[in-house]
Amino acid sequence: MKLLIVDDEKRIRELIAKYAAFEGYAFEEAENGMQAVEYARAKAFDLIIMDIMMPELDGFSASREIRKTCPALPIILLSARGEEYDKIHGFEIGVDDYVVKPFSPKELMLRVGAVLRRAGGDPRAPEAHQTAAIGGLTVDFTARRVTIDGQAVELSPKEYDLLFYLVRNRGIALTRDKLISEVWGFDFFGDDRTLDTHIKLLRRQLGEYARYIITLRGVGYRFENA
């Protein structure tokens, strides 16, 4: 597995590189967003760890550019700020995780491992082609495709995972812990706000069908049967 470590601070790159090497990852370093985009286009990486605040091209802009040519490449963003807006913005452009500085390098490596395992494919995915239709909303689990009234809806990787799990378990009350465990993995190190943010973004994408995602106060969420 090969990582691309992107940060304008050399000491941060060196710290991450040290722990990446210890965990057995190959890696390359980039010192700004522009360089990261060039490397991602020219070389093969399994995951990118990228700072947000950088010269020439910030992490958000670089992630958007990388997504154009490498839509499935996992990205973990690093930021010195922990505002909800930054997290929402990151998840909207499809990043897989968000880590606030200062961070524990060991925890970061655990997050890297968790994201890579999830990106490797879901062993629980059914072999047969399976779809679910709720009114004009069609969820194609096998093709990993969602349409509303025949029009494709573009979701981030995690929004797909969350919607698929909700739809597969429609009619069932799902606790917050259950959703986080099943969608993000038992080794997820975030908090409940990550789930709430993705639910908010997913509802926005579903339009009128957002009403099927029911909030269960003090419990979690349920996807209604049509």
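Values quoted throughout were computed directly from the atomic coordinates according to the rules given, and no laboratory measurement underlies them. For clarity, every value in this text was computed on a predicted model and none was experimentally measured. Note that each Cβ is placed from the backbone with ideal geometry, even for glycine, and that neighbours are counted across all protein chains shown.
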* To do: Considering the options Val146, Val100, Ile5, tell which one lies farthest towards the positive end of the dipole of the chain, charges being +1 on Lys and Arg and -1 on Asp and Glu at the Cβ, about the Cα centre.
  => Val146
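Please report Ser79, Ser63, Ser181 as a ranked list, fewest other C-beta atoms within 10 angstrom at the top and most at the bottom.
Numbers: Ser79 20, Ser63 26, Ser181 13.
Starting with the residue having the fewest Cβ neighbours, the order is Ser181, Ser79, Ser63.
How about segment 133-226: which GluC sites (Glu not before Pro) there lie in a loop by DSSP and see at most 13 other Cβ atoms within 10 Å?
Values: sites: Glu154, Glu159, Glu182, Glu208, Glu224; in loops: Glu154, Glu224.
The qualifying sites are Glu154, Glu224.
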* **Relative contact order (percent, whole number), the chain, Cα cutoff 8 Å, 6+ residue spacing** => 13 percent
* To do: Beyond 30 Å between alpha-carbons counts as too far, so tell me which of Lys10/Lys178; Lys68/Lys178; Lys43/Lys178; Lys18/Lys200; Lys106/Lys158 fall in that bin.
  => Lys10/Lys178; Lys68/Lys178; Lys43/Lys178; Lys18/Lys200
* What is the fewest-to-most order of Phe60, Phe103 by other Cβ atoms lying within 10 Å of their Cβ? -> Phe103, Phe60
* Structure fact -> Expected vector for segment 9-23, Karplus 3J(HN,Hα) from phi with 6.51, -1.76, 1.60 and θ = phi - 60°, integer Hz, x for Gly and Pro, equals 9, 4, 5, 5, 4, 5, 5, 5, 4, 4, 6, 5, 5, 4, 7
* Which whole-Hz couplings ³J(HN,Hα) result when phi for each residue of segment 217-224 is put into the Karplus expression 6.51 cos²θ - 1.76 cosθ + 1.60, θ = phi - 60°, listed in order with x for Gly and Pro? -> 4, x, 10, x, 9, 9, 9, 5
* Base-10 log of normalised Debye intensity for segment 2-119 (one unit scatterer per alpha-carbon) at q = 0.16 Å⁻¹ -> -0.65
* Asked: Given R₀ = 41 Å, FRET efficiency for Arg176-Glu14 by Cβ-Cβ distance, to 0.05?
  -> 0.65
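If the only charges are +1 at each Lys and Arg Cβ and -1 at each Asp and Glu Cβ, what is the size of the charge dipole of the chain around the Cα centre, to the nearest 20 debye? Write out the running numbers ahead of the final one.
Numbers: 32 positive and 36 negative charges, 126 e Å.
My answer is approximately 600 debye.
Out of segment 18-112, which trypsin sites (Lys or Arg not before Pro) are coil in DSSP terms and have no more than 14 other C-beta atoms within 10 Å?
Values: sites: Lys18, Arg41, Lys43, Arg64, Arg67, Lys68, Arg81, Lys87, Lys106, Arg111; in loops: Lys43, Arg81.
Here the sparse-neighbourhood loop sites are Lys43, Arg81.
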* Long-range tail of P(r) for segment 131-223 (Cα pairs > 16 Å, %) -> 51 percent
* Structure fact -> Here the percent of antiparallel bridges among DSSP beta bridges lying wholly in the chain, to the nearest 5, is 50 percent
* Quick one: angle between helix 157-168 and the longest Cα principal axis of the chain, in degrees between 0 and 90, rounded to 10, please. => 20 degrees
* Read-out Rg and Dmax of the Cα atoms in Å, derived from the coordinates shown; its label in [x] 16.7, 55; [y] 16.1, 48; [z] 18.0, 54 -> [z]
* Cα-based helix-to-principal-axis angle, 105-119 vs the chain, degrees rounded to 10 -> 50 degrees
* Structure fact -> Along the dipole axis of the chain (charges at Cβ: +1 for Lys and Arg, -1 for Asp and Glu; origin at the Cα centre), the most positive-end residue among Ile180, Phe91, Tyr19 is Ile180
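With a sphere of radius 10 Å drawn around the Cβ of Leu216, what net charge do the other residues whose Cβ falls strictly inside it have (Lys, Arg +1; Asp, Glu -1)? List each step's numbers first, then the result.
Numbers: positive: Arg176, Arg217, Arg222; negative: none.
Result for the neighbourhood of Leu216: +3.
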* Asked: In debye, nearest 20: dipole of segment 131-223 around its Cα centre with unit charges on the Cβ of K, R (+) and D, E (-)?
  -> 260 debye
